[in-house]
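Worksheet: the structure to be examined is printed underneath.
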Amino acid sequence: HEVADAAAAVRWRILAASLLAALIALAMAYWFSRTFTRRIRRLQAFADSLLGARTAESLAPDSDDELGALAGSLSRTADQLRDLFDKLSMESSRREAILASMMEGVLAVDHELRVTFCNEAFARAVGARMPVPSHLPVLELVRDPAFLDLLSRVLATNQTFKHRLQLAAAEGRVFEVQAAPLTAGTRRGAIAILHDITDLERLERVRRDFVGNVSHELRTPLTAIRGYAETLLEGALEDQENNRKFLEIIRAHAIRLNNIASDLLVLSELESGQPATPPEAVSIREALESALRTVESEAHIRNVALKPGRLEDAAVAGYRIRLEQAFVNLLDNAVKFNRPGGEVRIETGRTPEGAAQVIISDTGIGIPSDDLPRIFERFYRVDKARSRDVGGTGLGLSIVKHVIERMNGTVTVESKLGKGSVFTVTLPALDSAAAQS
Ligand code: ADP
């Protein structure tokens, strides 16, 4: 009986010990699995943060087992990915900045003619508001069939095309469009670059007109000189009454030719970039007084009174000879296009902002309002015959405009037909705040 009791006690103890062992094992298993799960979760969170491109905190290897090794290699991959990501986003923001600040309009489309990129210049050219929604059909952005046709042709042939276009939305501006295929992996699309050539075309036209005008202007005096020289040679030399008159005509036209040539020279000098010497401080009053002396005799001959009023001095930055020439041209016009007994008033002062101002007003024939906006153009004259009679070249005011604009100033005109004209020159004074900033 005692033996049986002892055996039962041992069994119980074994059972208890086994139970305890099982419990401990369970607890340990639970604890291990918890740490394991936690570690795996950490790895997973880390991997997720990489995908989400958030700046993930670095992952320190926590033990020497396989999971620790995995954490280590994931961490190294993360470093490389982060590096790559930084480089890519740097590259992409650099490209975005370049494209955004480009003068040329840039538009990229996919193979279904949907917008994948559009920069500000392009949106402006086609009158669209930024940002242009991605995947917008091009048709809704640009309604010109010629433009769509160009893109379709690029997509169909995989070739580059160039085309001159006048976009309806861009108010008469002329563009040269270059469209090229764009392939990224298996994806195909096209890119179009808009180059505004309106100004270029206008300049080209101005240049052509100018060459035409110059030839025309030169031809008139040359023809006259040749004609009168031939008349003289063919017998008029003996004509005591007229030979002197003919010679005087020849001389007048030669002077005209000379005037045109020297005015053209001044203009081309003014237009050919920056002058060799830096600008100097020029006294407005000195330049004006010197110009007044130059036109004095002409004014006397034409019986026009020069009436300098208050001449407040100011220093401006520029070139003395040029400024004087601009004043001579303005004063000369005020005398030439005046009437006998008329007068020219000259005044200098300051604008409320402190800029120097010269006002030259005359009591002359005035300028029709239709012609006013054009008188600063080269060779533009209201009355060609009158201008020629008084020895004009039609270049005087364009020289004035060039000189004054070179000095960052402006020249404006107001006029009443039959009453007179007022020319106002405004130049930044060296001592005013605007000129110093
Ligand atoms: P021009 O050599 O003929 O004087 P400008 O370029 O100096 O050439 O002037 C252009 C034209 O502007 C002149 O032909 C004239 O018709 C007009 N004009 C300029 N200044 C005056 C003025 N003070 N009064 C009237 N017309 C003027």
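The values are calculated or read from the model by the stated rules, or taken from the named source; none is laboratory data. Treat the numbers as computed from the prediction; the structure is a model and nothing was measured. As a convention, Cβ positions derive from the backbone with ideal geometry for all residues, glycine included, and neighbour counts pool all protein chains shown. Only protein heavy atoms, including side chains, enter the accessible area calculation; ligands, DNA and RNA are left aside. Shrake-Rupley method; radii C 1.70, N 1.55, O 1.52, S 1.80 Å.
Against the condition within 12 Å of the ligand (Cβ to nearest atom) and within 17 Å of VAL411 (Cα to Cα), how does ASN333 come out, does it pass? Answer is yes for this residue. Scanning the stretch 337-356 turns up no residue that is part of a helix (DSSP H, G or I) and either surrounded by fewer than 22 Cβ atoms within 10 Å (Cβ to Cβ) or within 10 Å of the ligand (Cβ to nearest atom) (or both).
Close Cβ contacts (under 7 Å, 6 or more residues apart or on different chains) running from residues in the stretch 366-392 that are within 16 Å of ASN338 (Cα to Cα) to residues that are near the ligand (Cβ under 8 Å from one of its atoms) and open to solvent by 70 Å² or more (accessible area, probe 1.4 Å) comprise ILE367/VAL382; PRO368/VAL382. Among the strands (runs of 3 or more DSSP E) confined to the stretch 231-332, the ones with at least 3 residues that are exposed (fewer than 13 other Cβ atoms within 10 Å of the Cβ) and not β-branched (Val, Ile, Thr) are located at 305-311.
Restricting attention to the stretch 389-403, does a residue exist that is more than 12 Å from the ligand (Cβ to nearest atom) and under 30 Å from PRO278 (Cβ atoms)? Yes, there is a match, as at least one residue in the stretch 389-403 is more than 12 Å from the ligand (Cβ to nearest atom) and under 30 Å from PRO278 (Cβ atoms).
Would you check if LYS384 is near the ligand (Cβ under 8 Å from one of its atoms), charged (D, E, K, R) and open to solvent by 70 Å² or more (accessible area, probe 1.4 Å)? Answer is yes for this residue.
Assessment of the stretch 415-433 against the conditions (surrounded by fewer than 21 Cβ atoms within 10 Å (Cβ to Cβ), part of a helix (DSSP H, G or I) and at negative phi) yields at least one matching residue. Residues of the stretch 364-371 include none that is more than 10 Å from the ligand (Cβ to nearest atom) and in contact with a Pro (Cβ under 8 Å, 6 or more places away or on another chain).
Among (1) closer than 30 Å to GLU353 by Cα; (2) of a type in the set (S, T, N, Q); (3) touching a Gly at 6+ places or on another chain (Cβ under 7 Å), there is one condition SER283 misses while meeting the rest; what is its number? The failed condition is (3).
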